[in-house]
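J.: The structure under discussion is supplied below as structure tokens; questions concerning it will follow.
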Amino acid sequence: MPRRPQAVDLPPISGLDRTSGHLGRQLTHALREAIRIGSLKPGDLLPSTRQLAGALDIARGTVMEAYEQLIAEGFFDAQPRAGTRVASALAQSRPVAGGSQKPATHATPTSLPAPAAAFAKVAEQFKPLPPVPFAVSIPTGPAAPDAAWRRLGNRIRARGPGAPSGYDDPQGVKALREAVAEYVRRSRSVQCDAAQVIITTGTQQGLYVACQVLLGATDVAWVEDPAYRGITGILESTGRQDRMVRVPVDDAGIDVDAGVAMAKDARAAFVTPSHQYPLGMPMSMGRRNALLAWARKNGAWIVEDDYDSELRYAGHPFPSLQGLAPDRVVYLGTFSKILFPSLRLGYAIVPEALVPAFCGARVLMDRHTPSADQHVLAAFITEGHLDRHIRRIRGVYADRRSQLVGMLERWIPKDLGWLQPSDQGMHLVLWLSHGIDDVLLASRAVEAGVAVRAVSPMYSEGNGRPGLVLGLGGFSNKQMEAAVRILASIILSMRKTTPHMQTTS
Ligand SMILES: Cc1ncc(COP(=O)(O)O)c(C=O)c1O
């Protein structure tokens, strides 16, 4: 009869507390610890359950329970007639010798791959702003959705289609896709039907999915300069930093000739044609045609980020680019601006051939957007509340905007800060004279209770201009005036500490 191989000496098991019960669990924990600190090593043969029970003076069933648990967790391997061993697979994951210290709870930056630094930078720049002037799209006062939103939410979540259910369609709830398709056809001249609509957790996700689906490993993308950090951050953090071509914008929007000269064969262009972000001008018809002609000729995609075009104060909103070329344009819309950002609902409208790839990419990200809110929003749109809400906030923001322009002109010396002309949207850009550090200014302003974002990080390296994005919201004139005065005093104090400053206006 073959001899049973020699089992290890009994592992050092101390501290079993017979009075507190759960001996099986205590023994399991002690054996796991013995592996962690290296007194039991991968491949070691364990004593039989009878031996260990005898040595510890506990019931054999207790030892069996611990062994079974550790087998289930993958710490032990049991082979018939060969006994139980510490799993050899642990050899690759065991802490280094002498590792009786606690496992590290945070990796050092050098042990992380390059994108981690880009992600960390984005986290810093995207810290949510407090709900004070001039944070964008804060649903307070008259800008908040009215009681209809709450009523629909309560009803639909309790017993309607929004009640708890299994996994839903990753493309989005059909009722919402139909409502969105009808809304964008009517209000944005988008050419689509519900089968082309993919519900997202906001435009940010739409941009991410578009990058995953449209850009191959070596593909180049055009991005406006300046641009929303949400798109440049994605390209920087997914290893595409060197294939992101920053195309300048002028009064007519993205400079297509410059883009062609820089990277004619780019695979995609990310643009904000209705309301350039952050500067605010619409893309001219000539530029729209030039961009589409380039895209058609080169088989490139255009990703249209249409984040707040509903809010044009003089005249009708500009029609979408998608309506001119539905086969070349991926259209991204959001409810963050016209409703509220914490809703996290938006949509991508894509050429039919791209629908499966977009759906698959988002399944791998988060399966789908929570269904209950999709049902509530579908009802909000189809019952006419969204149109009413947009009409109301258009009036509120038009009023706040003109009040704010007056306050800024009154309190901020013209040689230090002046406004970028624009007639739409939910924010204003206040340019600052050269030499004022807008990032520092924004952080001082937040500390003083005024929420603003710096413009210079939205430019490519070396091209930044100092400025601030001031969001409109439902804030009262009194709140806005107080905030403008604080902002003015910070700007003035920064001028004093910046002796060689030139001014530009
Ligand atoms: C230009 C632009 N695109 C996209 C977004 C992201 O919107 P969402 O909240 O839908 O992710 C924003 C948000 O501020 C934005 O300003």
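J.: Is it fair to say L386 is surrounded by 14 or more Cβ atoms within 10 Å (Cβ to Cβ) and over 27 Å from D438 (Cβ atoms)? Write out each step before concluding.
T.: On the way: surrounded by 14 or more Cβ atoms within 10 Å (Cβ to Cβ): yes; over 27 Å from D438 (Cβ atoms): yes.
So L386 passes the test.
J.: So, in the stretch 342-388, exactly how many residues are within 18 Å of the chain's Cα centre (by Cα), part of a helix (DSSP H, G or I) and hydroxyl-bearing (S, T, Y)?
T.: Number satisfying all stated conditions: 1.
J.: Out of all the residues in the stretch 445-465, which are buried (at least 18 other Cβ atoms within 10 Å of the Cβ) and of a type in the set (D, E, K, R)?
T.: R453, the sole residue that qualifies.
J.: For the stretch 50-78, give me each residue that is closer than 22 Å to A89 by Cβ and crowded, with 18+ Cβ neighbours inside 10 Å.
T.: Residues satisfying the conditions are A66, Y67, Q69, L70, F75, F76, D77.
J.: Also, I was wondering about something else. Going by the structure shown, is R344 out of contact with any strand residue (DSSP E or B) (no Cβ under 7 Å at 6 or more places or on another chain), more than 30 Å from S402 (Cβ to Cβ), modelled with pLDDT of 95 or more and within 13 Å of the ligand (Cβ to nearest atom)?
T.: Considered against the rule, which asks whether it is out of contact with any strand residue (DSSP E or B) (no Cβ under 7 Å at 6 or more places or on another chain), more than 30 Å from S402 (Cβ to Cβ), modelled with pLDDT of 95 or more and within 13 Å of the ligand (Cβ to nearest atom), R344 comes out as yes.
J.: Here's something else I'd like to know. When W418 is evaluated against the numbered criteria (1) under 29 Å from F340 (Cβ atoms); (2) modelled with pLDDT of 95 or more, which criterion, by number, is the only one it fails?
T.: W418 satisfies all of (1) under 29 Å from F340 (Cβ atoms); (2) modelled with pLDDT of 95 or more except (1).
J.: Moving to a separate point now. Kindly provide the set of residues from the stretch 231-247 that are touching a residue at least 60 places away in the same chain (Cβ under 8 Å) and in contact with a helix residue (DSSP H, G or I) (Cβ under 6 Å, 6 or more places away or on another chain), ordered by number.
T.: Within the stretch 231-247, I231, G233, E236, S237 qualify.
J.: Mind listing whichever residues of the stretch 347-373 are of a type in the set (S, T, N, Q) and in contact with a strand residue (DSSP E or B) (Cβ under 6 Å, 6 or more places away or on another chain)?
T.: Once the filter is applied, which keeps residues that are of a type in the set (S, T, N, Q) and in contact with a strand residue (DSSP E or B) (Cβ under 6 Å, 6 or more places away or on another chain), the stretch 347-373 yields only T369.
J.: I'm checking my understanding of the structure. Among residues of the stretch 323-341 that are without any contact (Cβ under 8 Å) to a residue 40 or more places away in the chain and not in a loop (DSSP other than H, G, I, E, B), which one is nearest to the ligand (Cβ to nearest atom)? Break it down into steps so the answer makes sense when it comes.
T.: Of the stretch 323-341, the ones without any contact (Cβ under 8 Å) to a residue 40 or more places away in the chain are 324-325, 327-329.
Still in the running and not in a loop (DSSP other than H, G, I, E, B): 324, 329.
Values: L324: 20, V329: 16 Å.
Result: V329.
J.: Next up: From V484, V429, V446, grab the single residue that is assigned to a helix (DSSP H, G or I) and under 25 Å from the mean Cα position of the chain (by Cα). Break it down stepwise before answering.
T.: On the way: V484 fails: under 25 Å from the mean Cα position of the chain (by Cα); V429 fails: assigned to a helix (DSSP H, G or I).
Result: V446 is the single residue among V484, V429, V446 that is assigned to a helix (DSSP H, G or I) and under 25 Å from the mean Cα position of the chain (by Cα).
J.: Can you name every residue in the stretch 38-58 that is part of a loop (DSSP other than H, G, I, E, B) and touching a residue at least 12 places away in the same chain (Cβ under 8 Å)?
T.: Within the stretch 38-58, G38, S39, L40, K41, P42, G43, D44, L46, P47, S48, I58 qualify.
J.: Go through (1) touching a Pro at 6+ places or on another chain (Cβ under 9 Å); (2) at negative phi; (3) at pLDDT 95 or above one by one and return the number of the condition R188 breaks.
T.: Among (1) touching a Pro at 6+ places or on another chain (Cβ under 9 Å); (2) at negative phi; (3) at pLDDT 95 or above, the lone unmet condition for R188 is (3).
J.: Of the conditions (1) surrounded by 14 or more Cβ atoms within 10 Å (Cβ to Cβ); (2) of a type in the set (G, A, S); (3) more than 26 Å from the chain's Cα centre (by Cα), S336 satisfies every one except a single condition; which number is it?
T.: Here S336 clears every test but (3).
J.: So the check is Cβ under 6 Å with 6+ separation or different chains; which pairs have a first residue in the stretch 359-372 that's over 12 Å from I199 (Cα atoms) and a second one that's of a type in the set (V, I, T) and surrounded by 15 or more Cβ atoms within 10 Å (Cβ to Cβ)?
T.: Close Cβ pairs satisfying both conditions: A361/V209; A361/V213.
J.: While we're on this one: Taking into account only those residues within the stretch 370-381 that are within 16 Å of the ligand (Cβ to nearest atom) and surrounded by 24 or more Cβ atoms within 10 Å (Cβ to Cβ), which is farthest from Q204 (Cα to Cα)?
T.: Here the answer is L377.
J.: Any idea which residue in the stretch 421-434 is farthest from M281 (Cα to Cα), counting only those that are surrounded by 17 or more Cβ atoms within 10 Å (Cβ to Cβ) and of a type outside the set (A, V, I, L, M, F, W, C)?
T.: Applying the filter and picking the extreme gives S433.
J.: I need the full set of residues from the stretch 395-420 which are buried (at least 17 other Cβ atoms within 10 Å of the Cβ) and either closer than 14 Å to L487 by Cβ or assigned by TED's automatic domain parsing to the domain that holds H316 (or both), in order please.
T.: Listed by number, the residues that qualify are L404, M407, L408, W411, I412, L416, G417, W418, L419.
J.: Next question. Collect the residues in the stretch 434-462 that are farther than 18 Å from P226 by Cβ and of a type in the set (S, T, Y), keeping them in residue-number order.
T.: Scanning the stretch 434-462 gives a single hit, S443.
The values are calculated or read from the model by the stated rules, or taken from the named source; none is laboratory data. Bear in mind the structure is a predicted one, so any value in this text is a computation, not a measurement. Heads up, the Cβs are rebuilt from the backbone with ideal geometry, glycines too, and the neighbour counts pull from every protein chain shown.
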